[in-house]
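Only the coordinates and a few stated rules stand behind these numbers; no lab work does. Source: prediction; values computed, not measured. Ideal geometry is used to build each Cβ from the backbone, glycine not excepted, and the neighbour counts take in all protein chains shown.
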Amino acid sequence: MAPIAPLLVAFAGRLWENDQPESLRNIKAFPKKAPMSSSKEKPKPDGRRLRSEASRLRIVEAMRDLVREGQVAPRAEDVAARANVGLRSVFRHFDDMETLYREIAALMRTELAPLLAEQLPPADAPDLLEQLVARRAKLFEKIMPLRLAADVHSHTSPFLREDRHWMNESLRAILRASLPAALTKDRALLDAFDAAMSFEFWRRLREDQNLSVAQARRVVERVAEALAK
């Protein structure tokens with residue numbers, strides 16, 4: 001069974017208040033849920049449907065947790081055991097993997113919303129780059145297992161490819177809104193900052209060069225500081 005979509009980085013509903021830069025407010029989020037109907041129109045709960053939805057959520061959470069623990073492609077048997085549901089339930093709920101990816105991506109967006117909604121530091125802050133790198137490190141460490149698993153299977157999933165592109169564009173928009181105008185008006189310089197503070201660069205430092213979080217942060221800070229001079 002294939003693994004889940006990253007989060008990435010992702011948003012749940014509205015993540016920024018109106019005082020955030022326009023470039024951030026324009027980032028697309030998941031469609032908002034339709035308003036709930038009034039109590040008079042609300043049908044009586046269907047016990048079977050509620051149990052089915054609860055099982056579905058447990059399956060999604062089980063997949064997410066197994067991937068976080070290092071299973072790039074959790075087996076259906078492992079998912080069923082972790083979710084405490086029957087094996088047939090796993091296949092019945094998620095015979096379409098694209099649906100599973102979307103379900104888990106939505107769950108991750110809710111979890112990541114507080115990280116992405118943090119107030120951006122002012123562009124003239126003396127420790128601006130250090131703050132930005134610290135935020136990226138925190139985010140990337142949280143999504144690392146999910147993103148690595150998703151990348152393995154992105155060649156078979158249009159949704160995973162779209163989700164990765166959306167995440168990269170969202171992080172670039174946040175970076176553009178965070179840096180001083182003097183650094184963002186140069187397209188090549190902005191591209192360099194974007195690459196240096198990307199998940200791909202972070203993954204290389206952590207996975208390929210075997211650096212600790214603190215060491216990787218310092219490397220990214222050094223690169224960003226050099227670009228800012």
FRET efficiency, 1/(1 + (r/R0)^6) with R0 41 Å, evaluated for Ala76 and Leu189 via beta carbons: 0.30
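When Ser178, Ser157 are ordered from fewest to most other Cβ atoms inside 10 Å of their Cβ, what list results? Display every interim value, and only then the final one.
Details: Ser178 24, Ser157 18.
Ordered from fewest to most neighbouring Cβ atoms within 10 Å, Ser178, Ser157 come out as Ser157, Ser178.
Please give me the summed charge of the neighbours of Lys185: other residues whose Cβ is under 13 Å from its Cβ, Lys and Arg +1, Asp and Glu -1. Before the final figure, lay out each step's value.
Numbers: positive: Arg176, Arg187; negative: Asp186, Asp191.
Within the 13 Å Cβ shell, the charges total 0.
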Rg/Rh ratio calculated on Cα atoms of the range 69-170 (Kirkwood radius): 1.07
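Given 0.36 nm per residue, what is the gain on full extension from Arg88 to Glu69 after removing their alpha carbon distance, in nm? If you can, show how the numbers build up before the last one.
On the way: separation 19, 0.36 × 19 = 6.84 nm, distance 2.36 nm.
Net length gain for the segment: 4.5 nm.
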Contour minus Cα-Cα distance for Arg222 and Glu118 (0.36 nm per residue): 35.1 nm
Percent of Cα pairs exceeding the 22 Å cut-off, where the set is the range 123-229: 33 percent
Inverse of mean 1/r across different Cα pairs in the range 157-210, Kirkwood, Å: 12.3 Å
